[in-house]
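The values are calculated or read from the model by the stated rules, or taken from the named source; none is laboratory data. What you see is a predicted model, and the numbers here were worked out from it, not measured in a lab. Here the Cβ positions follow ideal geometry from the backbone for every residue, glycine too, while neighbour counts run over all protein chains shown.
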Amino acid sequence: MNKIEKDLLKQIADIEEVPMGAYNIRENGKLASRNTTANIDIITKKDKPGIDIIVKPNTKNASVHIPVILTQGGFNDLVYNDFYIGENADVVIVAGCGIHNTSCETSEHDGIHEFHLAKGAKIKYIEKHYGEGEGTGDRILNPKTIINLEENACMEMESVQIKGVTSTIRETFANMKKGSSLVISERIMTTGKQKAKTIFDVNLDGEDSSVHVASRSVAEDESVQEFISNVKGNTKCFGHVECDAIIMGNAKVISDPKIEANNVDASLIHEAAIGKIAGEQLTKLMTLGLTEKEAEEQIINGFLK
Amino acid sequence: MLELKDICFSKDNKNILKNINLKIDNNKMVVITGPNGSGKSTLAKIIMGIEKPNSGKIFFNGKDITNLSITDRAKLGIGFAFQQPVRFKGLTVKDLIEISAGNNIKVCDACDILADVGLCAQEYLNREVNNGLSGGELKRIEIAMLAAKKSKLTIFDEPEAGIDLWSFNNLISVFEKMHKDIKGSIVIISHQERILNIADEIILIANGKVEKHGKREEILPQIYGKVKPCHKLTNNSICNKGGHDNE
């Protein structure tokens, strides 16, 4: 693996060399390396590009890394990854995609991930998206995540778009059964003329299921962001969506959080706020010795942390 | 240490400060008091550089700082605790204390500072300084930031506002400790008698002017000799003692 590839892996999956535990590294549409363990199997799909990740019931303290890197300009990669997490397993899954595009052609990765968490299973899913390269070609990432949570299953999802992605449409769909819980934390930064659209569609079908979606984004320069969420409470359940955006320069941010209570015992909240950095925040940090620029960076870094 | 010469400031056609002249010496505890709307907070903002005077000069340790930015003044050694602290979504108490200390503070020292202002470090260090904190908690964090900054001149704008009675004595101790440890000057804008009682000097601002400035022993009897709570002082009234002052 060359330096560019290693740097991409470091950015998206925080790994220097091969990770511990099970992993599958995909590079320019092909398998670069893979490791399976006694409890975690990774199988190449036969009918379409992608893999099945199978975690045995009761697997604890294990991790799976499945990063994707694209270094070939003009490459369009479509992949279907399915995760089957056995009953009462508790694992960490690190995904993410990094694009290094030095060409004038578009590089694109569309990752479609479907999670099936059995009863009582628990996962922390981390995905980071990052683009770089001096080429004029677009760097496009369109992740789609489908989440199916059985009774008392629990999923925590951290979705981060670090920088350098020209255009993204990020869709997340969740179907939740009795007692299941889903916590989604999203962080997005757009600059230049980048575009980012996020869609969350959650069905709280099971009694006492709960979802918490927290999205924070910063839109700079001429970039455009759109946040759409629809949480449907179909039974006694709890849903909370909060969407905060800092807008700078000539950026544009649209926030459209929707909640739909289809049952008298559904308790749903949404909060949305868009605004520039408050002048008094800058002033306060300047009284502590930071320059205006340093204060701005500090506020943005904290906000997206 | 600090000298203000003929400072005038007006806003919206209203003269807020009128020819302010005053000197604050090294290692002094100075309390600025006066009626609501008399210009105390504006004066503090002018010293910090948040507001610019229409005329007059400001000297800090002999250097003319009138045209210096907020950042430059902070780096020279001026600190300012806001009357209404700012909330930051994403920045934690630890972040702000580290920034205040110029990223040069051990976690255990940050914990000690939080303990001094009556906050349990374990509970607060990693908390975001956001809407989840009460006004009183924010106020204590604001004071902790200034304790961590260790400025040669620290100005507190009504630090007691929002602080409960139990914490009040601790607040006095924090000022005394800062004064002893940093050996700088502390300027506190306050209406509180107990804060006036710890001052070396008291400055009385009324109607945008320095009405009185002298040692506590001289000024305090003049204030309380003339003024009973909610009675007139010269042409202005000291009402709402201990209340908020949004000048």
Residue that is under 30 Å from A:THR166 (Cβ atoms) and more than 14 Å from chain B (Cβ to nearest Cβ), where the choices are A:ASP208, A:ASP265, A:ASP221, A:ASP244: A:ASP221
Extreme residue, farthest from the chain's Cα centre (by Cα), among residues of the stretch A:268-297 that are within 7 Å of another protein chain (Cβ to nearest Cβ) and in a helix (DSSP H, G or I): A:THR287
Subset of the stretch B:126-145 [farther than 21 Å from B:SER173 by Cα and surrounded by 13 or more Cβ atoms within 10 Å (Cβ to Cβ)]: B:ARG127, B:GLU128, B:VAL129, B:ASN130, B:LEU133
Condition met for B:LYS28 (of a type in the set (Lys, Arg) and either without any contact (Cβ under 8 Å) to a residue 40 or more places away in the chain or crowded, with 21+ Cβ neighbours inside 10 Å (or both)): no
Residue, nearest to the other protein chains (Cβ to nearest Cβ), within the stretch A:250-262, restricted to residues that are of a type in the set (S, T, N, Q) and under 30 Å from A:ASN234 (Cβ atoms): A:SER255
Matching residues, the stretch A:146-166, being modelled with pLDDT of 95 or more and farther than 16 Å from A:ALA214 by Cα: A:ILE146, A:ILE147, A:ASN148, A:LEU149, A:GLU150, A:GLU151, A:ASN152, A:ALA153, A:CYS154
Residues being in a strand (DSSP E or B), closer than 21 Å to A:GLU114 by Cβ and free of Cβ contacts under 8 Å to residues at least 40 places away in the same chain - total across the stretch A:177-209: 12
Any chance B:ARG73 is within 24 Å of B:PHE168 (Cα to Cα) and among the basic types (Lys, Arg): no
Leading residue by the ranking (farthest from the chain's Cα centre (by Cα)) among those in the stretch A:86-116 that are in contact (Cβ under 8 Å) with a residue 60 or more places away in the chain and in a strand (DSSP E or B): A:HIS100
Any hit, the stretch B:65-73, residues being over 28 Å from B:GLU201 (Cβ atoms) and within 14 Å of chain A (Cβ to nearest Cβ): yes
Failed item in (1) at pLDDT 95 or above; (2) touching a helix residue (DSSP H, G or I) at 6+ places or on another chain (Cβ under 8 Å); (3) surrounded by fewer than 21 Cβ atoms within 10 Å (Cβ to Cβ); (4) among the hydrophobic types (A, V, I, L, M, F, W, C), with B:CYS120 passing the rest: (1)
Scope the stretch B:164-185; condition more than 27 Å from B:ASN61 (Cβ to Cβ) and either in contact with a strand residue (DSSP E or B) (Cβ under 6 Å, 6 or more places away or on another chain) or hydrophobic (A, V, I, L, M, F, W, C) (or both); matching residues: B:LEU165, B:TRP166, B:PHE168, B:LEU171, B:ILE172
Elements of type strands (runs of 3 or more DSSP E) in the stretch B:145-222, at least 3 residues being over 13 Å from the mean Cα position of the chain (by Cα) and of a type in the set (A, V, I, L, M): B:201-206
Number of positions in the stretch A:1-34 that are polar (S, T, N, Q) and over 12 Å from A:ILE66 (Cα atoms): 3
Qualifying positions in the stretch A:68-85 - closer than 15 Å to A:LYS124 by Cα and either over 17 Å from the mean Cα position of the chain (by Cα) or assigned to a loop (DSSP other than H, G, I, E, B) (or both): A:TYR84, A:ILE85
Test for A:LEU304: is it facing chain B (nearest Cβ under 10 Å) and not small (Gly, Ala, Ser): yes
From B:LEU22, B:LEU43, residue being surrounded by fewer than 23 Cβ atoms within 10 Å (Cβ to Cβ), on the phi < 0 side of the Ramachandran plot, in contact (Cβ under 8 Å) with a residue 60 or more places away in the chain and more than 14 Å from chain A (Cβ to nearest Cβ): B:LEU22
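For (1) more than 24 Å from B:ILE47 (Cβ to Cβ); (2) among the β-branched types (Val, Ile, Thr), each residue gets a yes or a no:
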residue: B:CYS111; (1), (2): yes, no
residue: B:GLY118; (1), (2): yes, no
residue: B:ALA121; (1), (2): yes, no
residue: B:VAL129; (1), (2): yes, yes
residue: B:LEU146; (1), (2): no, no
residue: B:LYS150; (1), (2): no, no
residue: B:GLU158; (1), (2): no, no
residue: B:ILE172; (1), (2): no, yes
Odd one out for B:ASN36, checked against (1) farther than 17 Å from B:PRO159 by Cβ; (2) part of a loop (DSSP other than H, G, I, E, B): (1)
Out of A:GLU222, A:GLU242, A:GLU296, sole residue that is in contact with a helix residue (DSSP H, G or I) (Cβ under 8 Å, 6 or more places away or on another chain), charged (D, E, K, R) and touching a residue at least 12 places away in the same chain (Cβ under 8 Å): A:GLU296
Some residue of the stretch B:72-81 being surrounded by 18 or more Cβ atoms within 10 Å (Cβ to Cβ), within 21 Å of B:HIS191 (Cα to Cα), aromatic (Phe, Trp, Tyr) and at pLDDT 95 or above: yes
Every residue from the stretch B:89-105 that is hydrophobic (A, V, I, L, M, F, W, C) and either under 15 Å from A:ILE299 (Cβ atoms) or within 8 Å of chain A (Cβ to nearest Cβ) (or both): B:LEU91, B:LEU96, B:ILE99
